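A.B. asks: Encoded as structure tokens, here's the structure I'll be asking about.
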Amino acid sequence: MEWNELRRESINACYRILIIRKAGLSYQSRHKNKKNMKINNEVIEAINEGLNVPSFVENKEIRIKYVATGGWRGYYDAAPTKKGGWIKIESNWITGNWNDAGENGEDVMMKNIEKTAKKLEKEGKEVLVVYTPTSNVFSIGLDVFARDKK
């Protein structure tokens with residue numbers, strides 16, 4: 001097994017155990033069906049089920065790629081393909097609603113994204129939020145995309 005593959009598997013295993021099953025971030029159920037944006041959590045679901053991380057989501061409109069940042073640390077980058085017409089407007093991370101979470105706490109972050117989505121919807125755009133794991137077991141990566149409504 002190559003070093004990057006081993007590192008990726010370690011992150012996935014750690015993420016599955018600590019975040020999804022014990023920390024219990026509720027973003028999946030609380031933020032899944034918003035009127036003015038679509039939430040894609042296929043990558044998180046794959047890890048939760050013990051499956052390989054998909055290379056693409058949203059009908060191959062978003063590419064998912066692991067980025068190593070050193071040691072066993074890293075994250076998954078979500079990038080638009082030409083096929084979908086999406087433009088990445090934000091790349092960030094989200095954590096639980098702990099006292100020290102600040103602007104990256106779940107409620108604050110989602111409120112800001114919802115505000116942006118409402119504004120873009122008025123401009124005739126649709127919004128997609130893609131959740132991905134990071135090596136920090138107490139946070140989840142998120143990328144926000146926009147495109148003209150089809």
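The values are calculated or read from the model by the stated rules, or taken from the named source; none is laboratory data. Just so it is clear, the model here is predicted, and its values are computed rather than measured. Here the Cβ is made from the backbone with ideal geometry for all residues, glycine too, and neighbour counts use every protein chain on show.
A.B. asks: So, Val53, is that one in contact with a Cys (Cβ under 6 Å, 6 or more places away or on another chain), more than 15 Å from Lys38 (Cα to Cα) and crowded, with 16+ Cβ neighbours inside 10 Å or not? Give the derivation first.
C.D. replies: On the way: in contact with a Cys (Cβ under 6 Å, 6 or more places away or on another chain): no; more than 15 Å from Lys38 (Cα to Cα): yes; crowded, with 16+ Cβ neighbours inside 10 Å: yes.
Considered against the rule, which asks whether it is in contact with a Cys (Cβ under 6 Å, 6 or more places away or on another chain), more than 15 Å from Lys38 (Cα to Cα) and crowded, with 16+ Cβ neighbours inside 10 Å, Val53 comes out as no.
A.B. asks: Further, regarding this structure: Conditions: (1) at pLDDT below 75; (2) in a helix (DSSP H, G or I). Val43 meets all but one. Number of the miss?
C.D. replies: (1)
A.B. asks: Further question on the same structure: Quickly run through segment 122-150 and pick out the residues that are modelled with pLDDT of 90 or more and more than 8 Å from the chain's Cα centre (by Cα).
C.D. replies: Lys122, Glu123, Gly124, Lys125, Glu126, Val127, Leu128, Val144, Phe145, Ala146, Arg147, Asp148, listed by residue number.
A.B. asks: Please specify each residue of segment 98-136 satisfying the condition of being of a type in the set (A, V, I, L, M), free of Cβ contacts under 8 Å to residues at least 24 places away in the same chain and touching a Ser or Thr at 6+ places or on another chain (Cβ under 9 Å). If you could, list the steps in order and put the result at the bottom.
C.D. replies: Step one: list which residues in segment 98-136 are of a type in the set (A, V, I, L, M), which gives 101, 108-110, 113, 117, 120, 127-130.
Filter once more, so that each one left must be free of Cβ contacts under 8 Å to residues at least 24 places away in the same chain: 101, 108.
Correct list: Ala101 only.
A.B. asks: Somewhere in segment 86-101, is a residue modelled with pLDDT under 90 and crowded, with 19+ Cβ neighbours inside 10 Å? Before you say what the answer is, go through the steps one by one.
C.D. replies: Pass one, segment 86-101, residues modelled with pLDDT under 90: 92-101.
Those still in the list that are crowded, with 19+ Cβ neighbours inside 10 Å too: 94-95.
Yes, there is a match, as at least one residue in segment 86-101 is modelled with pLDDT under 90 and crowded, with 19+ Cβ neighbours inside 10 Å.
A.B. asks: If you go through segment 59-76, how many residues are touching a residue at least 60 places away in the same chain (Cβ under 8 Å), surrounded by 12 or more Cβ atoms within 10 Å (Cβ to Cβ) and not in a loop (DSSP other than H, G, I, E, B)?
C.D. replies: Qualifying residue count for the region: 8.
A.B. asks: Another question, if that's okay. What tally of residues in segment 46-57 results from selecting those that are closer than 22 Å to Pro80 by Cβ, out of contact with any helix residue (DSSP H, G or I) (no Cβ under 7 Å at 6 or more places or on another chain) and either hydrophobic (A, V, I, L, M, F, W, C) or in a helix (DSSP H, G or I) (or both)?
C.D. replies: Count: 2.
A.B. asks: If I ask for residues that are assigned to a helix (DSSP H, G or I), of a type in the set (Lys, Arg) and exposed (fewer than 14 other Cβ atoms within 10 Å of the Cβ), which ones from segment 103-150 would you list?
C.D. replies: Residues of segment 103-150 assigned to a helix (DSSP H, G or I): 103-104, 106-122.
Applying the additional criterion that residues be of a type in the set (Lys, Arg) yields 111, 115, 118-119, 122.
The answer is Lys111, Lys115, Lys119, Lys122.
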